[in-house]
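Before any comments, here is the structure.
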Amino acid sequence: MLFKSSSVSVLQAFREVRLARLVYMGIEKDRASRDAARESSLASGWTVEGQPELQPKVRVPQTGELVAGLADPLLDETDTTADDVKQMSSGALVLLGVIGGVYLLFTFVWFSWANAASVANASVASTSGSLGGVLQQIVFWVAPFAPALWFISVLVLCRGKKVWRMSLWLGLGLVVLVPLPMFGGLF
Amino acid sequence: MAGKITGWAAFVLLTGLYVYMVVAAVGNLTQLPEMAAQLGLGVNATGWFWLWLGVVLPVIGYAVALFAGRKRRGGARLLILTTALAVVAALQLEISLVVPPTSFFM
């Protein structure tokens, strides 16, 4: 009984020690966490200045996803691909600008030739039927619009497709619509 | 409804221009050899080639335009048809300017 009580007391004493230790550890942990909290608050103090800059960066993709998410079902309904939402790369834009400039040049040259042809035809057509003359003039004057129309058609038909595909069609247009009479001396 | 009527009217107008191009080319194809015969001349192989190309070109352009626009909506279809008409007109103008008609005869 005595032994028992002493052992119990020893155990109890141990318990005291362990309790004290646990309490100490708890305090330590608290302090550590408090220190960590203080550090994090410091860190957050650092990020406070960055937050106004960071927030838009975080928000832009969110809104983009939102827009894409909103647009996707609409695009599915209109039977076009999701690439419509994508913007063109700057290289593609430069390519479009250069090719568009050449098309513009072609348009100018074709206008001059159409003018010459319509003037030449007007004197001939004055003797023939009026309807044929009018239609022939329309056909003459629609020719100069070929480069511009080709350019717009390629842009419309290749919307959302790969850039190389679009440039292939534009290149084909450059070959088909090159104003050969411009190099009249060669023939 | 009004848009539909306008679209069909534009389609008919464009088709009419294609038809005119074919008719004019057929007129060239039939009348030029007659003129040549009156002058005691014949039409050579390259001459026949250019005359037939004038007939075939609008037909090809029309067919290609309809084929390219078969899965498209009305506006895009009309755009393709107009583009093909302009391209065919440009090519015919090119042929008439580059190939001298005197080279048709022998």
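Only Cα pairs under 8 Å and 6+ residues apart enter the sum, and on that basis the relative contact order of segment B:1-81 stands at 36 percent.
Dipole size of chain B about its Cα centre, with +1 on Lys/Arg Cβ and -1 on Asp/Glu Cβ: approximately 760 debye, rounded to the nearest 20. The mean number of Cβ atoms from other chains found within 10 Å of a Cβ in peptide A:146-154 is 5, as a whole number.
For B:R70 and B:M1, what is the calculated FRET efficiency with R₀ set at 30 Å and r taken between the beta-carbons, to the nearest 0.05?
The formula returns an efficiency of 0.80 here.
Laboratory data are not the source of any read-out in this text; all were calculated from the coordinates shown. A quick note: this is a predicted structure, and the numbers were derived from the prediction, not measured. Virtual Cβ from ideal backbone geometry, glycine too; neighbours counted across all protein chains shown.
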